[in-house]
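Accompanying notes for the structure given below.
The values are calculated or read from the model by the stated rules, or taken from the named source; none is laboratory data. Owing to the predicted nature of the structure, the values given are computational and were not obtained by experimental measurement. Cβ placement follows ideal geometry from the backbone for every residue including glycine, while neighbour counts extend to all protein chains displayed. Only protein heavy atoms, including side chains, enter the accessible area calculation; ligands, DNA and RNA are left aside. Shrake-Rupley method; radii C 1.70, N 1.55, O 1.52, S 1.80 Å.
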Amino acid sequence: MFTQFSNSGESVGFRENKAVGVSIEHLSKSFNKLNVLKDFSLKVAPGEIFVLMGPSGSGKSVLLRHIIGLEMPDSGVVLINGKDALSEDIREHVRMALVFQAGALFNSLTVFDNLALYLREHRLGTEKQIKDKVMQALTLLSLEDAAKKYPSELSGGMKKRVAISRALVMEPQLLLYDEPTSELDPVSSAMIDEIIATLRDQYRVTTIVVSHDRDLAMSIADRVGILMNGNLIHIGTPESLKNPTDKRVSDFLYPKVDLNNPRFKKIIP
Amino acid sequence: MNSIRSVLEGVGSTLILFMRSISHVGTLSRQKSRFIEQCYVIGYTTLPIVGILSFFVGSVLALQSGYSMQDFGTQQFIGALVGLSMVRELGPMMVAILLAGRVGSAITAELASMKVNQEVDALVTMNIPPAKILVLPRLAAVLMMMPVLTVISNLVGWFGGALVCKYTGFISVEPQQYFQALRHVVKFKDVIDGICKAEIFGFIVVLVCSSIGLSTRGGPREIGAAVTKAVVSSLVLILVLDYFVTKLLLAILS
């Protein structure tokens, strides 16, 4: 559906991926004696959408940074298709992308050049093919009019979509999202949810989403995990979150506003 | 103890950045636009300030020398003194100091900002080494532009000295006499020595400023602190290295 052809007749569409499985085994990480992840283990199946929820500071983003190789674990290992994620073999042969919480777009480059950078640096086609591919990724997320704009000229929602488009041109087999719907209005959040689900369905991308967004987890996840204080306290289908038996999970997912006994007064006496 | 550790970490990360940048030297031919852009930033935009300062350094050198030498009646040698001082010491040193203040600070601010905004992390996730596209073109550009800036600095400094000698009453040395003394003393190998110094200083400034920028963590306050640290480190390194490089070059010369 999304495959287009260049004037030369060569395909410039995104190919369907061979999805990869992710296995995290006994991962521990601490910063300045603060244990962020404690003996953390998790398996994500090829082509699955796994949503990891948890309070701020629970170690969700740190986990993503370990999967993509931006952090080194104190102990434990991340395996992609059974091989160490930090190995040369995986770095060279498995395409992974991370959609950063703030977008991490290159501020000195236009939206078009942000997307083209990966293709140009890895020499993945002629300039004409690169242009076609970038415009296709932008069109897919209704961003074709933003191609010549700089990141500073974009709204929050557009920045998120550009960040997803930039990940998309890499044709990732494993796509990681760090808080993709944070700071977005409800309609933009719903649009991002639809994009994440569509990309998985169209291209068989294994997807791990870190989020606080309960609606996102309920609507598009195959499985949901809840991380607290570096430990996974719940893992199951979105259905299992509707009536959680664990009080910590229900308190996190369905907090009640109690004006008579406010929480902040418990934190700040 | 912590400060020693921090210095050693800084030296280590700078050396690693150097090795990583050099390992991508083969890609430089595909980075022509980045190289040219950096040549423009490092060379062309620095040229006016180099010109102005060199002119006045040459002038004040001639003025001070003339004032001291008038007691001995040796003003006719001012050209030699200004010429040799500019070419062997003041030209390369001043260009390097200006480079640290003007270009080095900008490099650190830009790279630190990219690091804090996770743009550098984004490059790593794309399998694009930051050393390859952010550092290597700058190192190549500084090696290309330092000789140009140094030669221009020398020429402008000499010219400034000549003007002062002609129009200052107690010196009154004609440009012809000034440049004759200069030509008599300043040899081609002196110019090459000065350029060697400038190349070393320029390379160190860009490498250190890039390394400090890329190892920044935190927010806006840390970016400011990184810029200060980069400029101070560069100035200290220029002055310390100047002694040792001069000693080395003199040993080779003799």
Hits in segment B:16-32 - residues which are small (Gly, Ala, Ser) and over 23 Å from the mean Cα position of the chain (by Cα)
B:Ser23, B:Gly26, B:Ser29
Would you tally the residues in segment A:101-111 being open to solvent by less than 30 Å² (accessible area, probe 1.4 Å) and more than 8 Å from chain B (Cβ to nearest Cβ)?
3
Determine whether segment A:147-162 contains at least one residue that is within 14 Å of another protein chain (Cβ to nearest Cβ), open to solvent by 50 Å² or more (accessible area, probe 1.4 Å) and more than 20 Å from the chain's Cα centre (by Cα).
yes
Kindly check whether there is at least one residue in segment A:129-139 that is in a loop (DSSP other than H, G, I, E, B) and either open to solvent by less than 10 Å² (accessible area, probe 1.4 Å) or within 14 Å of chain B (Cβ to nearest Cβ) (or both).
no
Which residue is least open to solvent (accessible area, probe 1.4 Å), if the candidates are limited to segment A:56-94 and must be at the interface with chain B (Cβ under 9 Å from one of its Cβ atoms), of a type in the set (D, E, K, R) and more than 13 Å from the chain's Cα centre (by Cα)?
A:Arg91
Would it be correct to say that A:Leu98 is surrounded by fewer than 18 Cβ atoms within 10 Å (Cβ to Cβ), within 10 Å of chain B (Cβ to nearest Cβ) and either touching a residue at least 60 places away in the same chain (Cβ under 8 Å) or under 25 Å from A:Glu183 (Cβ atoms) (or both)?
no
For A:Asn32, the lone unmet condition from (1) surrounded by 15 or more Cβ atoms within 10 Å (Cβ to Cβ); (2) within 14 Å of another protein chain (Cβ to nearest Cβ) is (1)
Looking at segment B:76-99, is at least one residue open to solvent by 40 Å² or more (accessible area, probe 1.4 Å), over 29 Å from B:Val191 (Cβ atoms) and among the polar types (S, T, N, Q)?
no
Residues of segment B:120-170 satisfying the condition of being out of contact with any Pro (no Cβ under 8 Å at 6 or more places or on another chain), open to solvent by 10 Å² or more (accessible area, probe 1.4 Å) and β-branched (Val, Ile, Thr):
B:Thr125, B:Ile133, B:Val148, B:Val151, B:Ile152, B:Val156, B:Val164, B:Thr168
Within segment B:34-54, identify whether any single residue is without any contact (Cβ under 8 Å) to a residue 40 or more places away in the chain, among the hydroxyl-bearing types (Ser, Thr, Tyr) and open to solvent by 50 Å² or more (accessible area, probe 1.4 Å), and answer yes or no.
yes
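Are there any helices (runs of 4 or more DSSP H) wholly within segment B:106-194 with 1 or more residues that are more than 14 Å from chain A (Cβ to nearest Cβ) and in contact with a Gly (Cβ under 9 Å, 6 or more places away or on another chain), and if so which? Before you say what the answer is, go through the steps one by one.
Working: elements: B:119-125, B:136-167, B:175-185.
In segment B:106-194, B:136-167, B:175-185 are the helices (runs of 4 or more DSSP H) which contain 1 or more residues that are more than 14 Å from chain A (Cβ to nearest Cβ) and in contact with a Gly (Cβ under 9 Å, 6 or more places away or on another chain).
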